[in-house]
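Heads up: the structure comes next, in structure tokens.
The values are calculated or read from the model by the stated rules, or taken from the named source; none is laboratory data. All values reported here derive from a predicted model rather than from experimental measurement. Positions of Cβ are generated from backbone atoms using ideal geometry, with glycine treated the same way; all protein chains shown enter the neighbour counts. For the accessible areas, the whole protein counts, side chains as well, though only heavy atoms, and no ligand, DNA or RNA atoms are used. Shrake-Rupley method; radii C 1.70, N 1.55, O 1.52, S 1.80 Å.
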Number of protein chains: 2
Amino acid sequence: MPTPRERVTIIDVAREAGVAISSASTALNGQPGVSESTRDRVRSVASALGYVPSARGRALSAKRAYSVGLVVERDFDILESDPFFGAFIGGIEEYIAPRGYVLALQITQDSTLTVDRHLALARSRRVDGVFLNEIKADDARVAELAELGFPAVGINPAVGDFPFPAVRQSGTEAIHELVRTLAELDHRRIAHVSGPPHYVHSLERISAWREAMEAVGLQAEDTVNGGFTSDGGRRAADVLMTGERRPTAVFCANDLSAIGFMNRAIELGFRVPEDVSVAGFDGINFGEHVRPTLSTVRTAPRHLGREAARLLLSAIDGDEAADSTIAPARLVLRDSVARLR
Amino acid sequence: MPTPRERVTIIDVAREAGVAISSASTALNGQPGVSESTRDRVRSVASALGYVPSARGRALSAKRAYSVGLVVERDFDILESDPFFGAFIGGIEEYIAPRGYVLALQITQDSTLTVDRHLALARSRRVDGVFLNEIKADDARVAELAELGFPAVGINPAVGDFPFPAVRQSGTEAIHELVRTLAELDHRRIAHVSGPPHYVHSLERISAWREAMEAVGLQAEDTVNGGFTSDGGRRAADVLMTGERRPTAVFCANDLSAIGFMNRAIELGFRVPEDVSVAGFDGINFGEHVRPTLSTVRTAPRHLGREAARLLLSAIDGDEAADSTIAPARLVLRDSVARLR
DNA sequence: TTGAAAGCGATACCAA
DNA sequence: TTGGTATCGCTTTCAA
């Protein structure tokens, strides 16, 4: 390890340029109040000295960390095979990086910790705002952060009163279209492999499926919790495909569980899609790499991330931005869905 | 948006407890120098007041941001389908979170930006140290950060002098074993779908493959750059499988390109593994979800992340920790590899 | 337009 | 053991 050099501070710049510290600050931040000649001189001195403002000094003084927080609650093993959140983070980055913000990312393993981390980030003012992702039915984060008056943005929160700005992408239309399509392909027993029921987005997909089933005059009976994981999807296949009322089509709450379901069904001796059609939700790239290729409801995580970041930064700036609704998710039909024969 | 409350500072705690600020600080940080009774009183006042130290004040004063930086250079589209870095981040988190550190994550799209971001994080002292991942042959980050004397840790840097502590996991042995296995299965034409050649880890896999081929008396001829992406793997399949010297086995530099290769080969009318055996590198979970299941060299990204974080934090503390070498990657044979027939 | 000085919220040194 | 105070590096207000 080499030895650190002494840092160049704004004091050095001011001294070298022969101005007061306040003038140097004003000049460097492009604020009005200094003459052009002074500004130029300060700037050239700063760059000659290789001056880079200290994020720490600035954060303390400006009362802003220039940083936003995202806490992802995921099992380590699942994290590895969950490509969804990469795209979401990409969208966040895309918006915040050009604006000088940095993402503070945390991973947690259980929901108590998740709440704690959010609150710790907020209370210690490590970040200026947080993303509320994967919101639960009675999510402790929401009330606590609202109580603190801390900036936050919700990603697909439940409809109803939500104390923060929110970004939404609806999957309901696409789920209806999926069920309608399956019904037209002569499927009558369409099961649902859901996500954990404490998540708002799980519940929404369940009710969308229910409503869609009723809309085409079918019974919405069989639901198995697939836990949003491929193993959960496999277990769901064991339950559903060896049960009494074997479905001819299955809508899974995400692609990971759909892939698990599909592979397990095939292992059990069924053919996809000849014996059972399978569809997922999310639209991860891997859906195109499995065989048969996976039908899915394609969401736009990157776009969602970008919009969420936009709303969050404007909330941090104290602006009252309107909620953002991005174009609904789209049904993507691939080889895993076919006419019942 | 609710209205923020005024923050409780250490001044409030000190006043309420009837002690000096310095005593309050000493008491709260568990340092020696205050009586037990004082410590208890300060602590109970602090928790009664709901005091949470300001990360900003602390960072400035303690000259430590309690934060480490990771910059991932990835195309947004690829990010979405790259499960590898999730596990790596998981490992980092696992180590740093209990120690009060936070990960600052940035995503970039090109290599100039990547260097800039590292330097910006370092110069502004936004973070206390950075991870040097996916190191390139002549990586500008290394020299610049060394020049700054900024704490960093290398993940699989090239052997030779490297100015920072490093974590390494070798894949060479497993690649040798793979080639040996393929040779024993009667394969003679074993091609390599490499990563972009400017990466150190691409080069290492290429030379491991070369040496392994020579070791079993085979010609190491055909190499195509698969860019570490599934599309790149597909293009490599187009080139290799329709070329003059069609290989009977292919070693791909990562699983993503292996999956792309496999799927494209199948589309071209070849059977895997009957016509061509395919193996990847990384050991991502999705390798088990594709059909045929993918043979691979399984690395330990989470472990790598954890060790890298350990070395980085000790470098930040000024400790001279020894480089860390974790158990070599292991060959995992699955259905995509079989005897030539 | 410029400069002096008061914070921001901690830590840590040094007397008492 | 305790308390006063300088300090970290910046922003911002307020006089001059």
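Mind listing just one residue for me: the one in the range A:4-29 that is of a type in the set (Gly, Ala, Ser), over 39 Å from the mean Cα position of the chain (by Cα) and not in a loop (DSSP other than H, G, I, E, B) and, of those, nearest to DNA strand D (Cβ to nearest atom)?
Applying the filter and picking the extreme gives A:Ser22.
For (1) among the basic types (Lys, Arg); (2) farther than 29 Å from A:Pro301 by Cα; (3) open to solvent by 70 Å² or more (accessible area, probe 1.4 Å), each residue gets a yes or a no:
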residue: A:Leu178; (1), (2), (3): no, no, no
residue: A:Ser202; (1), (2), (3): no, no, no
residue: A:Asn225; (1), (2), (3): no, no, yes
residue: A:Gly243; (1), (2), (3): no, yes, no
residue: A:Ala253; (1), (2), (3): no, no, no
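Among the residues of the range A:109-144, which ones are surrounded by fewer than 19 Cβ atoms within 10 Å (Cβ to Cβ) and outside any helix (DSSP H, G or I)?
Within the range A:109-144, A:Gln109, A:Asp110, A:Ala137, A:Asp138 meet the criteria.
Working only within the range A:30-43, note down all residues that are in a helix (DSSP H, G or I) and surrounded by 12 or more Cβ atoms within 10 Å (Cβ to Cβ).
A:Thr38, A:Arg39, A:Asp40, A:Arg41, A:Val42, A:Arg43
With the requirement that a residue be acidic (Asp, Glu) and modelled with pLDDT of 95 or more, what does the range A:107-133 give you?
Those that are acidic (Asp, Glu) and modelled with pLDDT of 95 or more: A:Asp116, A:Asp128.
Which one of these does B:Asp82 not meet: (1) part of a helix (DSSP H, G or I); (2) facing another protein chain (nearest Cβ under 7 Å); (3) touching a residue at least 60 places away in the same chain (Cβ under 8 Å); (4) farther than 18 Å from B:Leu132 by Cβ?
Every listed condition holds for B:Asp82 apart from (1).
Consider B:Ala55 carefully, then state whether it is surrounded by 13 or more Cβ atoms within 10 Å (Cβ to Cβ) and either more than 31 Å from the chain's Cα centre (by Cα) or small (Gly, Ala, Ser) (or both).
Criteria met by B:Ala55.
Is it the case that some residue within the range B:180-194 is under 20 Å from the mean Cα position of the chain (by Cα) and in the same structural domain as B:Ser295 (by TED's automatic domain parsing)?
Checked the range B:180-194: at least one residue is under 20 Å from the mean Cα position of the chain (by Cα) and in the same structural domain as B:Ser295 (by TED's automatic domain parsing).
Please specify each residue of the range B:182-196 satisfying the condition of being surrounded by fewer than 22 Cβ atoms within 10 Å (Cβ to Cβ) and in contact with a Ser or Thr (Cβ under 9 Å, 6 or more places away or on another chain).
Within the range B:182-196, B:Leu185, B:Asp186, B:Arg188, B:Arg189, B:Pro196 qualify.
Which residues, counting only those in the range A:318-330, are over 14 Å from the mean Cα position of the chain (by Cα) and at pLDDT 95 or above?
Result: A:Asp323, A:Ser324, A:Thr325, A:Ala327, A:Pro328, A:Ala329, A:Arg330.
What is the one condition in (1) in contact (Cβ under 8 Å) with a residue 40 or more places away in the chain; (2) within 10 Å of DNA strand C (Cβ to nearest atom) that A:Ala24 does not satisfy?
(1)
Among the residues of the range A:145-157, which ones are modelled with pLDDT under 95 and either polar (S, T, N, Q) or assigned to a loop (DSSP other than H, G, I, E, B) (or both)?
Scanning the range A:145-157 gives a single hit, A:Gly149.
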